[in-house]
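Below: one structure, written as structure tokens.
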Amino acid sequence: MVADLWDDAEARAMADAAGPDPRARALALRVYTSRLIGRDPDLVMHGGGNTSLKSTATDIFGDEVEVLHVKGSGWDLGTIEAAGLPAVRLSPLLRLRALERLSDEDMVAVQRLNLLDPAAPNPSVETLLHAWIPHPVIDHTHATAFLTLANLPEVAAATREIFGDRLTLVPYVMPGFALAQAAALAYEANPEAEGLLLVNHGHFAWGADARSSYARIIEHTALVEDWLARRRPAPLHPVAALPVADVAPVLAALRGALASCLPDDAALPVLDLRAGEDERAFCARPDLDDLAARGVATPDHVIRTKGWPLVVHDRAPEAMRAGVAAFADRYRRYFDTHAPQANGPRTMLAPMPGSVWIEGVGIVGVGASAGAARIAADIACQSARVRADGEAAGGFRPIGDADLFDMEYWSLEQAKLGKGRPPALQGRVVLVTGGAGAIGLATARAFAAQGASLFLVDRPGAALDAALAALGGDHAGHGGDITQPGAAGAAVAACVARFGGLDILVSNAGAAVTGDVATLPDATLRDSFELNFFAHFAFAQAAAAVFRAQGAARGARGAEAGQMLFNVSKQAVNPGRGFAAYGLPKAATFFLVRQLALELGAEGVRVNGINADRIRSGLLTPEMIAARSTARGVDEGAYMAGNLLRAEVEAGHVADAFVMLAQAARTTGHVMTVDGGNIEAALR
Ligand SMILES: [Zn+2]
């Protein structure tokens, strides 16, 4: 249920911070209620909705001009600031009302031209609607309850039943000049109304100030929620959640099936599964196919989720491949049918679903990055609630394919294609073992900087939590002792359950164990082998299984289907006194790199390693550095720089080398040395 979050003290503090000018104070309160709206996902989500304030401003000549502060594109209401509500001169916006038509490009241009600050973001595409309704403050949401109401077959009767004359209906028109015209006409036909219901789209309300408009948004939305709740049947008994170990193969196979929608050199999509009670109950409905055949809850969702979801009933990999192929066929037909009617050439987007309903499992968001997948999942889950409530209250009847196409292939959206190249490793899922350690975290940061989604594996505890907090963003982790049986499989399954798959394994965890061979306790060597060899081996096996599930088709065509990167060691080739128990398993891991490269090359899997030496880390602590430099009669700086380049090698250098290997196409079976130069440890 939506709630009125207005707090007098908070509001006063916001206004006071803006100073004594009443215009600045009104704008501060406008920012405040915009944030209150943006904070509730049942009002707006992910850049949806917009807000405005009519005010005055002083221009460069000192003249007072009437302006409209309206949400700028790229701002999210939940975190908006005054700069996100740029001022546009109102009188030219009002003059546009006299035009018969205005192209989207001209509308954007004239709005930009009238910004008081030329550096401000583009005003919302719904700017004219805000301008032409004369109320001082206007709010627009895509509230979940309003989306349900707005897509009912009997929307007019239901709206009248709930609101009487308080809301005016506006028939569906795509956002832009024509919608603003339709909304202004509807407003003028019933000027006493408190707001508008945009059929198949959302809700508008207004008021004399920020407080009263926001109060109406909440009151109206709560009325619709109550009305829907009275029609909602008892919740279906949800099916039990699938355990992670069973979810992972389904997602990996789905990701592999989705690969068929993309070129072989494109990153596979990231998946975001939502399997809470609501999603599982929804995905147990008998009418999934019927519900999936209809469009989106509000037009801009099509940009994030495509016009309809892929429904998976049979989770067998071949059945999912067939389902994806059928989706792509339907999508191509949709494009071929509607593209000729567009007002210019259109470039087809990848014919890949943006959301997937898996019967008995849950709802999956699909995106080019973890962030895009999260947004798609949020929208898909809201959309499922809208469908379920709509069906209970009369039906879900959204816009049809032709209107969907107009929105999805809007010229303003098409113009964005190809602009701004994504980071080189966007969407690649990278698992790093020992991810909380010095080299592991540096490596994770280096991959994240290239756009990858990171999954850190380390012992549970404060270090792992701190590493994840340091990474921030849409990254994840898993705590466990990787020397235990089954631990690698569980960690890889958790990664797949979180992101839908795995692209690059960085098998990094290790620990230096000391002792001479002649007197080494048997158990010490065996323990070292568990971490410094068998854990690498177990992660390689688990990763290979995922690569096969998601990348087999690509690998068979000679394209890359996964990567493994190992942190080996200088010890693997150049024994150090007292380090037998470390060097022996590392030598086996060095061989593992070459054996895996040999075995997996034909499947498109590249396998490479790094031989690093003398890096400050958990393996080389300050005490060890002090002891060794003393033993050699040099100071610590000289000890750490004891290499051909006379420069200390840092964790970041190892991290950069991992990223370089990850991007070195056609390189496999290679071990790169990162030690500042040491001829004794050079590979032949
Ligand atoms: Zn809207």
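If I filter the stretch 285-297 for residues that are within 16 Å of the ligand (Cβ to nearest atom), of a type outside the set (F, W, Y) and surrounded by 24 or more Cβ atoms within 10 Å (Cβ to Cβ), do I get at least one hit?
yes
Pairs, please: C-beta under 9 Å, at least 6 apart or cross-chain, first residue on the phi > 0 side of the Ramachandran plot and in the stretch 644-673, second part of a helix (DSSP H, G or I) and surrounded by fewer than 22 Cβ atoms within 10 Å (Cβ to Cβ)?
R646/A638; G669/R594; G669/A597; G669/L598; G669/G601
Which one of these does M624 not meet: (1) assigned to a helix (DSSP H, G or I); (2) under 28 Å from G555 (Cα atoms)?
With respect to (1) assigned to a helix (DSSP H, G or I); (2) under 28 Å from G555 (Cα atoms), M624 is out only on (2).
Does L251 satisfy being more than 16 Å from the ligand (Cβ to nearest atom), part of a helix (DSSP H, G or I), aliphatic (A, V, I, L, M) and at pLDDT below 95?
So L251 fails the test.
Would you mind finding the one in F455, F447 that is more than 17 Å from A511 (Cβ to Cβ), open to solvent by less than 10 Å² (accessible area, probe 1.4 Å) and touching a Lys or Arg at 6+ places or on another chain (Cβ under 7 Å)?
Matching residue, one of F455, F447: F455.
Kindly check whether there is at least one residue in the stretch 426-434 that is open to solvent by 20 Å² or more (accessible area, probe 1.4 Å) and more than 22 Å from A373 (Cβ to Cβ).
no
Condition (residue is part of a loop (DSSP other than H, G, I, E, B) and either without any contact (Cβ under 8 Å) to a residue 12 or more places away in the chain or in the same structural domain as V364 (by TED's automatic domain parsing) (or both)) applied to the stretch 185-196: is it met by at least one residue?
yes
Give the residue, chosen from V199, V173, that is without any contact (Cβ under 8 Å) to a residue 24 or more places away in the chain, within 16 Å of the ligand (Cβ to nearest atom), over 20 Å from T51 (Cβ atoms) and of a type outside the set (F, W, Y).
V173
What strands (runs of 3 or more DSSP E) completely inside the stretch 447-557 contain at least 3 residues that are in contact with a Leu (Cβ under 9 Å, 6 or more places away or on another chain) and of a type in the set (A, V, I, L, M, F, W, C)?
453-458, 504-507
Filter the stretch 106-144 for residues that are small (G, A, S) and in contact with a strand residue (DSSP E or B) (Cβ under 9 Å, 6 or more places away or on another chain) and give the result.
Matches in the stretch 106-144: A120, S124, A131, A143.
Could you tell me whether any residue of the stretch 349-357 is closer than 23 Å to V125 by Cα and either among the aliphatic types (A, V, I, L, M) or away from the ligand (no atom under 16 Å from the Cβ) (or both)?
Yes, the stretch 349-357 contains at least one residue that is closer than 23 Å to V125 by Cα and either among the aliphatic types (A, V, I, L, M) or away from the ligand (no atom under 16 Å from the Cβ) (or both).
Tell me the residue from G618, G642, G604 that is closer than 30 Å to A556 by Cβ, surrounded by 13 or more Cβ atoms within 10 Å (Cβ to Cβ) and either assigned by TED's automatic domain parsing to the domain that holds S528 or within 37 Å of the chain's Cα centre (by Cα) (or both), please.
G604
Select, from V137, V125, V155, the only residue that is in contact (Cβ under 8 Å) with a residue 60 or more places away in the chain, open to solvent by 10 Å² or more (accessible area, probe 1.4 Å) and in the same structural domain as G49 (by TED's automatic domain parsing).
V125
The values are calculated or read from the model by the stated rules, or taken from the named source; none is laboratory data. In this text, all values refer to a predicted model and were calculated from it rather than measured experimentally. All Cβ positions, even for glycine, are placed from backbone atoms using ideal geometry, and neighbour counts span all protein chains on display. Accessible surface areas use protein heavy atoms only, side chains included; no ligands, DNA or RNA. Shrake-Rupley method; radii C 1.70, N 1.55, O 1.52, S 1.80 Å.
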